[in-house]
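The values are calculated or read from the model by the stated rules, or taken from the named source; none is laboratory data. Bear in mind that the values here come from a model prediction, so they are computed numbers and not experimental data. Glycine gets a Cβ as well: all are built from the backbone with ideal geometry, and neighbour counts include every protein chain shown.
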Amino acid sequence: MTMSTQTSPNIGAELMLTDADELPRRRYDRRGRRRGGPAAQRTPLAASIVKWALLGALALVMLVPLYILVISAFKPQADIILHPLAITPDMFTFDYLWNALTSEKFNVVGAYGITLLFVVLVNIFCIALSAPVAYVIARGRSKWHLALLLVFVSGLFIPGQVTLIPVVFVLRVLGLINTIPGFLLFETAATLPVTIFLFAAYLRTVPRDIDEAAALDGAGRIRAFWSCIFPIMRPVVATIVVLNSIGVWNDFVSPQIILGPGSGIYTVTTGVYAAVGEFSTDYTVLFPTLLLAIAPAVIFFIIMQRHIIGGLVAGATKG
């Protein structure tokens with residue numbers, strides 16, 4: 001009795017030490033972490049270093065040209081050529097930017113107005129046409145609806161530049177070449193594939209109970225869609241507006257060919273091309289003009305970028 005009383009504390013202490021030693025080991029083994037000791041702990045650190053190094057290199061590739069563009073808009077031509085990456089108070093001046101704003105070759109205010117008009121009209125026409133089509137495809141149950149979706153999505157695999165030549169022939173036959181309606185028709189058609197694809201993917205996550213409730217209240221399918229379903233599509237509509245706006249604003253080939261220099265209608269990008277000399281390049285004109293052209297698009301993207309990701313993942317995480 002005495003021996004058992006004396007040995008019990010020792011056995012209990014040994015068990016406690018054994019459990020204390022084994023508990024971290026069991027926990028890490030069960031969760032699959034740090035099983036290899038210090039060598040395994042170095043692996044996530046090395047992977048993190050490689051990841052951030054790649055991201056940093058990619059950021060430099062994208063930001064350095066933008067940095068050169070911005071600082072070159074405020075420097076003389078000699079400094080742009082001799083010191084492309086440097087900017088000092090002696091070089092810095094607003095004169096070239098002001099000259100670009102008041103240039104007779106490129107009416108910046110007029111180009112802003114025309115391009116903004118195109119952006120607004122293309123978004124209105126695109127959403128008005130794509131939303132009902134996507135609703136029919138999303139609510140359809142037959143193979144024909146899937147085939148219709150594939151027909152529209154196939155337009156994503158055709159570069160827009162490839163279709164310009166047949167589009168020019170069609171618009172010429174219709175008498176719409178070198179006109180604003182012809183350009184709007186082409187730009188709207190070019191935005192339909194991605195818009196219908198995103199709308200249909202989002203609408204498939206919207207419960208059909210909303211349609212049935214609207215039908216019980218006496219609403220037809222058209223009224224049910226615009227009154228009950230379309231307001232729910234606000235996240236994906238915001239995404240489409242951002243993508244289409246940036247695409248139309250930055251487009252150069254389509255307005256240059258469809259509108260043409262002879263029409264006298266210049267967007268921001270075609271106006272920049274018209275402001276550049278034919279036989280020589282004046283960097284004090286080129287860089288300020290380019291900065292004025294891209295500044296609204298960059299600011300708009302920075303403000304609205306959260307809507308792009310939010311709208312793209314809204315359909316995947318909803319309901």
Subject >> Those residues of the stretch 71-106 which are surrounded by fewer than 16 Cβ atoms within 10 Å (Cβ to Cβ) and part of a helix (DSSP H, G or I), in sequence order >> reply: Ala78, Ile81, Leu82, Asp95, Trp98, Asn99, Leu101
Original post:
When Gly56 is evaluated against the numbered criteria (1) closer than 27 Å to Ser245 by Cβ; (2) modelled with pLDDT of 90 or more, which criterion, by number, is the only one it fails?
Top reply: (1)
**OP:** Give the residues of the stretch 195-242 that are part of a loop (DSSP other than H, G, I, E, B) and touching a residue at least 40 places away in the same chain (Cβ under 8 Å), sorted by residue number.
**Re:** Arg204, Thr205, Val206, Pro207, Arg208
Subject >> When residues of the stretch 110-162 are limited to those that are polar (S, T, N, Q) and within 27 Å of Val272 (Cα to Cα), the one nearest to the chain's Cα centre (by Cα) >> reply: Asn123
**OP:** Can you tell me which residue among Ile229, Ile222, Ile210 is assigned by TED's automatic domain parsing to the domain that holds Thr163, surrounded by 14 or more Cβ atoms within 10 Å (Cβ to Cβ) and more than 25 Å from the chain's Cα centre (by Cα)?
**Re:** Ile210
Original post:
Could we say that Leu116 is aliphatic (A, V, I, L, M), surrounded by 16 or more Cβ atoms within 10 Å (Cβ to Cβ) and free of Cβ contacts under 8 Å to residues at least 24 places away in the same chain here?
Top reply: yes
Subject >> Check on Ile124, within 30 Å of Phe152 (Cα to Cα) and modelled with pLDDT of 85 or more >> reply: yes
